[in-house]
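What follows is a set of notes on a single structure, which appears directly below.
Taken together, the values in this text are just the output of simple stated rules run on the coordinates, not laboratory data. Bear in mind that the values here come from a model prediction, so they are computed numbers and not experimental data. Cβ coordinates were reconstructed from backbone atoms using ideal geometry, including for glycine residues, and neighbour counts include every protein chain displayed.
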Amino acid sequence: MAQRVGLESSLACSEAVRLADADVIAAYPITPQTHIVEHLSELVADGHLDAEFVPVESEHSAMSACIGSAAAGARTFTATSSQGLALMSEVLYIASGMRMPMVMAVANRALSAPISIWNDHSDVMSVRDCGWIQLFCENGQEVMDLTIAAFKITEDPRVMLPVMVNMDGFTLTHVIEPIFIPTPEEVKAYLPPFKPRFRLDPFKPMTFGAVGVPEVYTEHRLQLQDAILASQPVIEEHLAGFAKAFGRTYQPIETHGLDGAETAIVTMGSIGETALTAVEEMQAAGEKVGQIRIRLWRPFPFDRFLEAASKVKTLVIIDRALSFGGAGGPVATELRAILTNKPGAPKTASFIAGLGGRDVTREDFKEMIRSAPEQLASGRSFDFYGAMEG
């Protein structure tokens, strides 16, 4: 039976890796991810996890080691954040292009400069097109659960793509919450031992990472695109299996209070819970507001999102990152592209908020929702929220 304990979300991630019985962890410490791999090193050193812990000299080396580990058929995990994710970005594309199953936790943190150790989504948005499946967590229980589910997803022979589990730095990673920890037996029943489809074997030589000459490169890219799009029903299948096994349900797109709503606020990550509280207070005051929460960022669940968006007249999209020189935030840009030429599509207001860890309160969310008509009337593509004047 699952045990309910007060646990820091970073340690919930580590415990999930332990329960998944990972074989290899290769990682380099960086704030605010460090607690994840520190605890894993303790679990390995104390004999609570039978795995190889590989302390490397950089995040670039960590991802390189993970590719070698996955190619050898080992259940593989790593974690990073911010500048570390940027340093390993070169190798992320290799992991997905070679279809290497592995799981990586990303403690989302602002990119420098100026130096910031606090949370936003600029790090993960810098690698949004790297070919990885990308999930976002709202709380510690989701960190535990989605990390376990990520191993099930990545190792499915119909998928064979690396999975990134995003958790907001500090505002989630360092928060202690009551979390249900399943037993090893429960997790093993859901997540059987890894059986790799292909693996390095000196007695059965195989080529990994061959040169892609112009005559094959485009076809390979299209195969990767087809593979990540085809992974969505498999992801949903395994999330449904998780719900059946553990009683907690997760969907690619989750909604609240859309029946009768005219406006929906769109969030991704841990700010979704604060926004939900704001929405519920506005509903209690008679305002026709709901919420759409994005859990699966890549592959983007187009069908699920369009179904949710069709119920409202206006979307208020919150981004935690800015596309410099572009038309706003990456989430708003994505959603506007999806809605283009769709009959009856809702109008979209875009706000950039919470950069570099700046607080976004319930009142802030309410103000953004209420100021959306002004932005739409002005023709502005987006607004910074919370920026100091001058």
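One table, with the values for the structure above:
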| item | result |
| --- | --- |
| Amide H contacts of A105 (H built 1.01 Å from N, under 5 Å, at least 5 apart or other chain) | T78, A79, T80, V165 |
| Approximate spin-label separation A189-L222, in nm, with each point projected 7 Å along Cα-to-Cβ | 4.5 nm |
| Amide N of the stretch 369-385 lying under 16 Å from the label point, which is placed 7 angstrom from the Cα of T340 along Cα→Cβ | 381 |
| Distance between the stretch 218-236 and the stretch 112-181 - C-alpha centres, whole angstrom | 20 Å |
| Length-normalised contact order for the chain - Cα pairs under 8 Å, 6+ apart - percent | 16 percent |
| Per DSSP, loop GluC sites (Glu not before Pro) in the stretch 201-266 with at most 14 further Cβ within 10 Å | E262 |
| Net charge of neighbours whose Cβ lies under 14 Å from the Cβ of I36, counting Lys and Arg as +1 and Asp and Glu as -1 | -4 |
| Chymotrypsin sites (Phe, Trp or Tyr not before Pro) lying in DSSP loop within the stretch 247-342, provided at most 16 other Cβ fall within 10 Å | F324 |
| Within the chain: Cβ-based charge dipole about Cα centre, in debye rounded to nearest 20 (Lys, Arg +1; Asp, Glu -1) | 960 debye |
| Rounded, prolate or oblate (a/c below 1.5 giving rounded, otherwise prolate when a/b exceeds b/c) for the stretch 199-244 by Cα gyration tensor | oblate |
| Over the stretch 35-106, equivalent-ellipsoid semi-axes from the Cα gyration tensor in Å | 20, 15, 9 |
| From phi via Karplus (6.51, -1.76, 1.60), per-residue ³J(HN,Hα) for the stretch 372-383 in Hz, x at Gly/Pro | 4, x, 5, 4, 4, 5, 7, x, 5, 7, 6, 10 |
| Calculated volume of the Cα convex hull per residue in Å³ (choose from (i) 154; (ii) 139; (iii) 348), label | (i) |
| DSSP beta bridge pairing in the stretch 253-384, given as percent antiparallel to the nearest 5 | 25 percent |
| Mean Cα-pair separation over length for the stretch 253-384, i.e. relative contact order, pairs under 8 Å, 6 or more apart, % | 27 percent |
| Cα-based equivalent ellipsoid of the stretch 244-367: semi-axis lengths in Å, sorted from largest, via gyration tensor | 20, 19, 17 |
| Using θ = phi - 60° and Karplus 6.51 cos²θ - 1.76 cosθ + 1.60, couplings along the stretch 306-317 (whole Hz; Gly, Pro as x) | 4, 4, 5, 5, 5, 8, 10, 9, 9, 10, 10, 9 |
| Protection proxy ranking, peptides 159-170, 362-373, 27-38, average beta carbon neighbours within 10 Å, highest first | 159-170, 27-38, 362-373 |
| Crossing angle, helix 34-45 versus the chain [Cα axis fit, 0-90 degrees, rounded to tens] | 30 degrees |
| In degrees, nearest ten, helix 271-284 long axis to first principal axis of the chain (Cα) | 30 degrees |
| On Cα atoms only, tilt of 330-339 relative to the major axis of the chain in degrees | 70 degrees |
| Integer Hz, Karplus 6.51/-1.76/1.60 couplings in order for the stretch 248-254, x for Gly and Pro | 10, 9, 10, 10, x, 10, 10 |
| Leading residue at positive end of dipole, the chain (Cβ point charges), from P214, I352, G269 | P214 |
| Whichever aspartates and glutamates have a C-alpha closer than 13 Å to that of K288, once near sequence neighbours (fewer than 8 apart) are set aside | D259, E262, E280 |
| Burial ordering of V312, V143, V234, fewest other beta-carbon atoms within 10 Å first | V234, V312, V143 |
| All lysines inside 28 Å of K195 as judged from Cα atoms, apart from same-chain residues fewer than 8 positions distant | K152, K204, K244 |
